[in-house]
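*Asks:* I have a structure here, written as structure tokens, and I will follow up with some questions on it.
The values are calculated or read from the model by the stated rules, or taken from the named source; none is laboratory data. All values derive from a computational prediction rather than experimental measurement. Don't worry about glycine lacking a Cβ; one is built from the backbone with ideal geometry, like all the others, and counts go over all protein chains shown. Areas reflect the complete protein model, heavy atoms only, side chains present, ligands, DNA and RNA absent. Shrake-Rupley method; radii C 1.70, N 1.55, O 1.52, S 1.80 Å.
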Amino acid sequence: MERSFFFLLVLTLALSFSSAYSRDFISCVESKSSNASSISQLIYTPGNASFQPIWQFAVQNTRFLKPSTPRPSIIVTPTDESLVQTSLLCAKKHGYEIRIRSGGHDFEGLSYTADVPFVMIDLNNMRSIDIDVAKRTAWVGTGAVLGELYYSIAQKSNNTLYFPGGTWPTVGISGLIGGGGTGNLLRKYATAGDNVLDARIIDVNGRILNRKSMGEDLFWAIRGGVASSFGVVVSWKLQLVPVPEKVTVFIVNRTLEQGATEIFFKYQSLATFEDRNLYIRSQAASEFIGNTTQKTMRIIFQGIYQGTTNELIPVMDKVFPELGVTREICQEMTSVQSTLVFFGRPSTTPLEILTNRSAIPKSNSKTKSNFVRTPIPISGLEKIWSKFFENDLSGGLLIIPSGGRMDDYAETATPYPHRAGTLYLLATSVNFVGQANDTTPVSLRRLAWLQSLEELLTPYVSQNPRESYVNNNDLDIGVGAANYKEASVWGERYWKRENFKRLIRIKAKVDPKNFFKFPQSIPVFKRRGLPQ
């Protein structure tokens, strides 16, 4: 009885202190605003009925929708830059950390969770899109998602321009660029970060900086080094790229019994194909054969060609006849329609779905990533398939091919280093469908299987360092930054040595007290001694 009373007393006091700190933060923001009543409608605390729905809306990975996930102390939903500035200054003053959320696709939930008191700045309201067709540019608010951007570009340019971003419509533009950004135009126009012309960022002192005033070092860092390590980007100026009015899309399914292993072996060299208009991603998973208990692998090849079917067929007949692409399976459509197809909708789906964030399904998964520089041999592929046969059909594999325009960039051109010599990004995952959360016995078995697959892949993926994609962030590969040796365990996997060292030097200049910190953020070391 006494223990229960003591627990309730501690809980009550903790909530009281939390509420007091929240009031202090809100008072600070209101004191610096010319319209306090308006500001109060953009700030939410746990006692507000809208707090949970706002937090939950952009949690794109539902494995974090569980009671044990730490919520913010305060949510700020700014409509302009001034409230972002004020929120940063007041968070510093009252001892809060900051988390910055755009689309909410952070694979580890780091944009909306933390184990310390924090203010979440939700940029959903800052989603303006201003397109200049004549100059082929667009200024985009950092709260905009890819679907909204693609829809706007298609409407304004009459399907003659696009942006080389990712394929999932609810991915936030800022998170995508902050990690480099890969998509269907990778081989033609390189990464999203390679196609950024300018940005507006609010630094740790509340200053609004553009490319000229921030300097080329910081501009370099935010286009692949995770922008939220350095400040809050509030808008991006993008270089739009020309696309044909019609592109050609095809999908080919093959099982092991249909020669999928040999086809996949040849497919791995897609990065060496000369025609940069051709992009083919693939997905693989195990399945039962008919009504039997025997399993096979099904590999789905999803291709897009920047041109017509008549132009595509001779290319495929020359470089990849094994895939068996025929006119009958090809479909010509606009680039924006191809985005619909690549996230699993028919090309005839009304385009307005791209602007409806609630209509896009969320994931419930854990993902790991590697980069492959030498084709995995047939024997290695067969080991991978056997590992999938041990899985309960919850596992998946995704291949993002590289090459083409990517080979034209030095690996230091932006923080994204996975350039010449990279064949493809290999992402592996498990889902938690049918489970209450990711800690049930079944879920833990799935996670153990994913880790065992990661170990199996070791001989076949890049080494020294073993590379990973920061936009598929994975806390399993390491956290902590007490010194360079500790931080390099995960930092060099994302950025390689030279880029990581440069990011650390830039961070020390623009945020020397490490206000913008989170697990796997660019570190600031208390002692000097960055390795040469």
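*Asks:* Please specify each residue of segment 478-500 satisfying the condition of being open to solvent by less than 40 Å² (accessible area, probe 1.4 Å), farther than 13 Å from PHE371 by Cβ and hydrophobic (A, V, I, L, M, F, W, C).
*Replies:* Selection gives ALA481, ALA487, TRP490, PHE500.
*Asks:* I would also like to ask the following. Would you be able to tell me the number of residues in segment 91-114 that are part of a helix (DSSP H, G or I) and open to solvent by less than 40 Å² (accessible area, probe 1.4 Å)?
*Replies:* Counting residues in segment 91-114 that are part of a helix (DSSP H, G or I) and open to solvent by less than 40 Å² (accessible area, probe 1.4 Å) gives 1.
*Asks:* Can you tell me which residues in segment 276-331 are free of Cβ contacts under 8 Å to residues at least 24 places away in the same chain and within 20 Å of SER347 (Cα to Cα)?
*Replies:* Answer for segment 276-331, where residues must be free of Cβ contacts under 8 Å to residues at least 24 places away in the same chain and within 20 Å of SER347 (Cα to Cα): ASN310, THR326, ARG327, GLU328.
*Asks:* Tell me the residue from THR272, THR255 that is more than 25 Å from LEU123 (Cβ to Cβ), of a type outside the set (A, V, I, L, M, F, W, C), open to solvent by less than 20 Å² (accessible area, probe 1.4 Å) and over 24 Å from the mean Cα position of the chain (by Cα), please.
*Replies:* THR255
*Asks:* If you go through segment 158-167, how many residues are in contact with a Phe, Trp or Tyr (Cβ under 6 Å, 6 or more places away or on another chain) and open to solvent by 20 Å² or more (accessible area, probe 1.4 Å)? Give the steps one after another, and end with the answer.
*Replies:* Within segment 158-167, the subset in contact with a Phe, Trp or Tyr (Cβ under 6 Å, 6 or more places away or on another chain) is 164, 167.
In the following step, the residues that additionally are open to solvent by 20 Å² or more (accessible area, probe 1.4 Å) were identified as 167.
Residues that pass the stated criteria total 1.
*Asks:* Okay, moving on. Just to verify a result, which residue in segment 408-435, among those that are over 26 Å from SER452 (Cα atoms) and among the hydrophobic types (A, V, I, L, M, F, W, C), is least open to solvent (accessible area, probe 1.4 Å)?
*Replies:* My answer is ALA413.
*Asks:* Name the residue that is nearest to the chain's Cα centre (by Cα), counting only residues in segment 115-129 that are surrounded by fewer than 23 Cβ atoms within 10 Å (Cβ to Cβ) and among the charged types (D, E, K, R).
*Replies:* Among those residues, the one meeting the criterion is ARG127.
*Asks:* Sticking with this one: Which condition does ARG493 not pass, out of (1) of a type outside the set (Gly, Ala, Ser); (2) in contact with a helix residue (DSSP H, G or I) (Cβ under 7 Å, 6 or more places away or on another chain); (3) not in a helix (DSSP H, G or I), if it passes all the others?
*Replies:* With (1) of a type outside the set (Gly, Ala, Ser); (2) in contact with a helix residue (DSSP H, G or I) (Cβ under 7 Å, 6 or more places away or on another chain); (3) not in a helix (DSSP H, G or I) applied to ARG493, the lone miss is (3).
*Asks:* Could you please let me know if SER213 is crowded, with 23+ Cβ neighbours inside 10 Å, farther than 15 Å from GLU81 by Cα and of a type in the set (Gly, Ala, Ser)?
*Replies:* No.
*Asks:* Name every residue in segment 346-382 that is within 30 Å of THR422 (Cα to Cα), over 18 Å from the mean Cα position of the chain (by Cα) and open to solvent by 30 Å² or more (accessible area, probe 1.4 Å), in order of residue number.
*Replies:* As a first pass, look at segment 346-382 and keep what is within 30 Å of THR422 (Cα to Cα): 362-382.
With over 18 Å from the mean Cα position of the chain (by Cα) added as a condition, the list becomes 372-382.
Of everything in segment 346-382, those that are within 30 Å of THR422 (Cα to Cα), over 18 Å from the mean Cα position of the chain (by Cα) and open to solvent by 30 Å² or more (accessible area, probe 1.4 Å) turn out to be ARG373, THR374, PRO375, PRO377, ILE378, SER379, GLU382.
*Asks:* Run GLN41 past the list (1) touching a helix residue (DSSP H, G or I) at 6+ places or on another chain (Cβ under 9 Å); (2) at pLDDT 85 or above; (3) of a type in the set (S, T, N, Q); (4) farther than 26 Å from ASP106 by Cα and report the number of the one that doesn't hold.
*Replies:* Status for GLN41: all satisfied but (1).
*Asks:* In segment 130-157, what residues are outside any helix (DSSP H, G or I), open to solvent by 10 Å² or more (accessible area, probe 1.4 Å) and touching a residue at least 24 places away in the same chain (Cβ under 8 Å)?
*Replies:* Listed by number, the residues that qualify are ILE131, VAL133, ARG136, THR137, TRP139.
*Asks:* Right, here's the next one. What pairs come out if I take residues in segment 359-370 that are basic (Lys, Arg) and pair them with residues that are assigned to a strand (DSSP E or B) and open to solvent by 20 Å² or more (accessible area, probe 1.4 Å) whose C-beta lies under 8 Å away, six or more apart or interchain?
*Replies:* Close Cβ pairs satisfying both conditions: LYS366/SER429; LYS368/SER429.
*Asks:* Going by the structure shown, is GLU332 open to solvent by 40 Å² or more (accessible area, probe 1.4 Å) and either in a strand (DSSP E or B) or within 30 Å of GLY395 (Cβ to Cβ) (or both)?
*Replies:* Yes: the conditions hold for GLU332.
*Asks:* Here are some residues: LEU176, LEU218, LEU186. Which one is closer than 26 Å to GLU498 by Cα, touching a His at 6+ places or on another chain (Cβ under 9 Å) and either surrounded by 17 or more Cβ atoms within 10 Å (Cβ to Cβ) or among the aliphatic types (A, V, I, L, M) (or both)?
*Replies:* Only one candidate qualifies: LEU176.
*Asks:* Do any helices (runs of 4 or more DSSP H) lying entirely in segment 159-239 carry at least 1 residues that are within 12 Å of the chain's Cα centre (by Cα), and which ones are they?
*Replies:* By residue number, 173-178.
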